[in-house]
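Q: Please see the structure below; I have some questions.
The values are calculated or read from the model by the stated rules, or taken from the named source; none is laboratory data. Quantities reported herein were computed from a predicted structural model and do not represent experimental measurements. Glycine also receives a Cβ, built like all others from the backbone with ideal geometry; neighbour counts cover every protein chain displayed.
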Amino acid sequence: MKKTALHERHIGLNAKMVEFAGYEMPIRYSSLQEEHKCVRDSVGVFDVSHMGEFLIKGSQALSLIQKVSSNDASKLNPGQAQYSCLPNNEGGIIDDLIIYCINAEEYMLVVNASNIEKDWNWIKNQNSENAEMIDQSDDMSLLAIQGPQASNLLQNITDVNLSEIPYYSFMIGNIGGVDDVIISATGYTGSGGFELYVSNKNALTLWDAIFNIKSDIKVSPVGLGARDTLRLEMGYCLYGNDIDDTTSPIEAGLSWITKFNHNFTNCNNLQKQKIEGVDRKLVGFEMIDKGIPRKGYDILNQDGLIIGKVTSGGISPMLEKGIGLGYINVPYHKKETPIKIQIRKKQIEGIIKRPPFIEM
C-alpha cells in the first residue's frame with residue numbers, strides 16, 4: 001500500500017489505519033463521535049493526500065476542460081474553484097471533481113483517489129486539443145482544516161487574510177512557514193474551513209505548524225470515518241456509493257453543475273433527461289424508528305413494495321438517529337413521503353427529507 005507524506009504522524013498518534021484507494025489511511029484517532037463533533041464545534045485536521053491532482057495547461061486547456069466536464073468552467077476567474085463532474089458516453093458519471101483556475105492557461109483538477117488512473121486516461125483520450133497534462137497526484141499532499149474556528153486558528157500562521165477568501169475561491173501564499181501553498185476555501189464537511197495543497201516535501205512542516213499553534217481553539221486530527229459521517233449529514237455525494245458510472249447527474253440532483261451552454265460529453269442525452277424527467281432520483285431520508293440504514297438495503301413503500309435502494313447510510317452523531325441517501329422511483333422521491341427500510345427481517349419506518357439533515 002502507498003503511504004502519504006504524513007504517515008509517520010498518524011502512526012505516532014496511534015491512529016487506526018485502513019486500506020483506502022490503495023493507500024494506508026487513518027480511519028480514526030480517538031472515537032468517530034468525538035472527531036465528528038470537534039469538526040462541527042471547533043477544528044478538525046484531515047490528511048486527504050490520497051486525492052488526485054492534474055494540471056491542464058496551455059492555450060487549449062479550457063477547451064479540453066469544457067469538453068469533458070459538465071459545469072461551465074469558462075465562468076471561472078483566476079483564484080476561483082468550481083464543483084463539476086465528468087460524464088461518460090452512457091449518461092453516467094466517471095467522477096466528480098473540483099476545477100481550480102490558476103490562470104487563463106492553467107487549471108488544476110482535483111479528482112477522487114480511487115479514480116485517478118481512470119480519470120487521467122479518460123481526459124487524455126479526449127485531448128484532441130493537445131493541452132499539456134501533468135499528473136501531480138504522487139507529488140502533492142492535501143490537508144483539510146475544517147470547522148467553524150478554522151479561519152481563526154490558521155490566521156495565526158499566515159499573513160494571507162483568510163477572511164478575504166470567498167467560498168470556493170483560493171489564494172496561493174505562505175502558511176506555517178511554507179511557501180506556494182494553495183489555500184482553498186473548500187471542504188467536504190459543511191462546517192467551513194480550508195483545504196491546503198502543498199508539496200510532499202513540506203507536508204510534515206505544515207502539519208506540525210498547525211498542531212503547534214498556541215491557541216485556546218480545540219484542534220484534533222480526524223480520520224476518514226468522521227469524514228464520511230460529516231458529509232452524509234450534509235447530503236454530499238460519495239463517488240462509488242451515491243454516484244458512479246451508472247448514475248446520471250440529473251438523477252443525482254446535480255443539475256446545478258450540468259450546464260447546457262457548451263458542448264460536453266453526452267450533453268444532448270442529459271439535456272433530454274432534464275427536460276423530460278427521470279424515473280428515479282437520489283433523495284435523503286431519516287429514520288423514524290431505531291435502525292441503521294446501510295448501503296444496498298432495499299427501500300420500500302408503505303405497501304412493502306421495493307421502490308429503491310440505499311446508497312449511503314449510518315447514524316448521524318449530531319441527530320443521534322439513522323440517516324441516509326438512496327435512489328427512489330418517481331414519484332416516491334417527494335419530501336415527507338413515508339418509506340420503510342428493509343433491515344434484515346424487519347421493515348423500519350423512515351421519511352424522505354431534503355438534505356442537509358442538520359442546520360449549520
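Q: Kindly evaluate residue 286 against the criterion of being without any contact (Cβ under 8 Å) to a residue 24 or more places away in the chain and of a type outside the set (A, V, I, L, M).
A: It is false that residue 286 is without any contact (Cβ under 8 Å) to a residue 24 or more places away in the chain and of a type outside the set (A, V, I, L, M).
Q: Got at least one residue in the stretch 81-96 being touching a Gly at 6+ places or on another chain (Cβ under 8 Å), closer than 21 Å to residue 184 by Cβ, surrounded by 17 or more Cβ atoms within 10 Å (Cβ to Cβ) and not polar (S, T, N, Q)?
A: no
Q: Hey, among the residues in the stretch 323-351 that are polar (S, T, N, Q) and part of a strand (DSSP E or B), which one's nearest to residue 313 (Cα to Cα)?
A: 342
Q: Is there a residue being in contact with a His (Cβ under 8 Å, 6 or more places away or on another chain), without any contact (Cβ under 8 Å) to a residue 60 or more places away in the chain and under 21 Å from residue 336 (Cα atoms) anywhere in the stretch 290-311?
A: no
Q: When you scan the stretch 2-46, how many residues do you find that are of a type in the set (A, V, I, L, M) and at positive phi?
A: 1
Q: Hey, can you tell me all the residues within the stretch 232-254 that are over 17 Å from the mean Cα position of the chain (by Cα) and outside any loop (DSSP other than H, G, I, E, B)?
A: none
Q: Pick from the stretch 153-185 the residues that are on the phi > 0 side of the Ramachandran plot and in contact (Cβ under 8 Å) with a residue 24 or more places away in the chain: which of them is surrounded by the most Cβ atoms within 10 Å (Cβ to Cβ)?
A: 176
Q: Please work out if residue 327 is buried (at least 20 other Cβ atoms within 10 Å of the Cβ), more than 10 Å from residue 299 (Cα to Cα) and at pLDDT 95 or above.
A: Here the answer is no, as residue 327 does not meet what is asked.
Q: Considering only residues that are within 20 Å of the chain's Cα centre (by Cα) and without any contact (Cβ under 8 Å) to a residue 40 or more places away in the chain, look in the stretch 255-283 and name the one that is surrounded by the fewest Cβ atoms within 10 Å (Cβ to Cβ).
A: 256
Q: Taking the stretch 19-42 as the search range and keeping residues that are aliphatic (A, V, I, L, M) and closer than 19 Å to residue 314 by Cα, which one is surrounded by the fewest Cβ atoms within 10 Å (Cβ to Cβ)?
A: 27
Q: Would you mind finding the one in 257, 217 that is of a type in the set (Val, Ile, Thr), at pLDDT 95 or above, out of contact with any His (no Cβ under 6 Å at 6 or more places or on another chain) and closer than 23 Å to residue 357 by Cβ?
A: Values: 217 fails: closer than 23 Å to residue 357 by Cβ.
Sole residue among the options that is of a type in the set (Val, Ile, Thr), at pLDDT 95 or above, out of contact with any His (no Cβ under 6 Å at 6 or more places or on another chain) and closer than 23 Å to residue 357 by Cβ: 257.
Q: Is it fair to say residue 110 is crowded, with 22+ Cβ neighbours inside 10 Å, under 16 Å from the mean Cα position of the chain (by Cα) and under 28 Å from residue 360 (Cβ atoms)?
A: Yes, satisfied.
Q: Which of the numbered conditions does residue 103 fail, given that it passes all the others? Conditions: (1) in contact (Cβ under 8 Å) with a residue 12 or more places away in the chain; (2) farther than 22 Å from residue 239 by Cα; (3) touching a helix residue (DSSP H, G or I) at 6+ places or on another chain (Cβ under 9 Å).
A: Going through the list (1) in contact (Cβ under 8 Å) with a residue 12 or more places away in the chain; (2) farther than 22 Å from residue 239 by Cα; (3) touching a helix residue (DSSP H, G or I) at 6+ places or on another chain (Cβ under 9 Å), residue 103 breaks only (3).
Q: For residue 71, state whether it is touching a Gly at 6+ places or on another chain (Cβ under 8 Å), assigned to a loop (DSSP other than H, G, I, E, B) and outside the structural domain of residue 181 (by TED's automatic domain parsing). Don't jump to the end; show me each part of the working.
A: On the way: touching a Gly at 6+ places or on another chain (Cβ under 8 Å): no; assigned to a loop (DSSP other than H, G, I, E, B): yes; outside the structural domain of residue 181 (by TED's automatic domain parsing): yes.
Criteria not met by residue 71.
Q: Something else about it: Only residues in the stretch 48-70 that are in contact (Cβ under 8 Å) with a residue 24 or more places away in the chain count as the first member; pair them with residues that are part of a loop (DSSP other than H, G, I, E, B) and among the basic types (Lys, Arg), Cβ under 9 angstrom, at least 6 apart or cross-chain, and list the lot.
A: Correct list of pairs: 70/259.
Q: Can you find even one residue in the stretch 276-283 that is in a helix (DSSP H, G or I) and not β-branched (Val, Ile, Thr)?
A: Of all residues in the stretch 276-283, those in a helix (DSSP H, G or I) come to 276.
Add one more test, that the residue is not β-branched (Val, Ile, Thr), and what stays is 276.
Yes, that holds for at least one residue.
Q: If you don't mind, there's one more thing I want to ask. Just to be sure before I move on: is residue 128 outside the structural domain of residue 214 (by TED's automatic domain parsing), at pLDDT 95 or above, small (Gly, Ala, Ser) and outside any strand (DSSP E or B) in the structure I sent?
A: Yes, satisfied.
Q: Here's something else I'd like to know. Restrict the check to the stretch 10-24 and report whether at least one residue is in contact with a helix residue (DSSP H, G or I) (Cβ under 7 Å, 6 or more places away or on another chain) and closer than 30 Å to residue 262 by Cβ.
A: Checking the stretch 10-24: not a single residue is in contact with a helix residue (DSSP H, G or I) (Cβ under 7 Å, 6 or more places away or on another chain) and closer than 30 Å to residue 262 by Cβ.
Q: Kindly indicate whether residue 304 is exposed (fewer than 15 other Cβ atoms within 10 Å of the Cβ) and not basic (Lys, Arg).
A: yes
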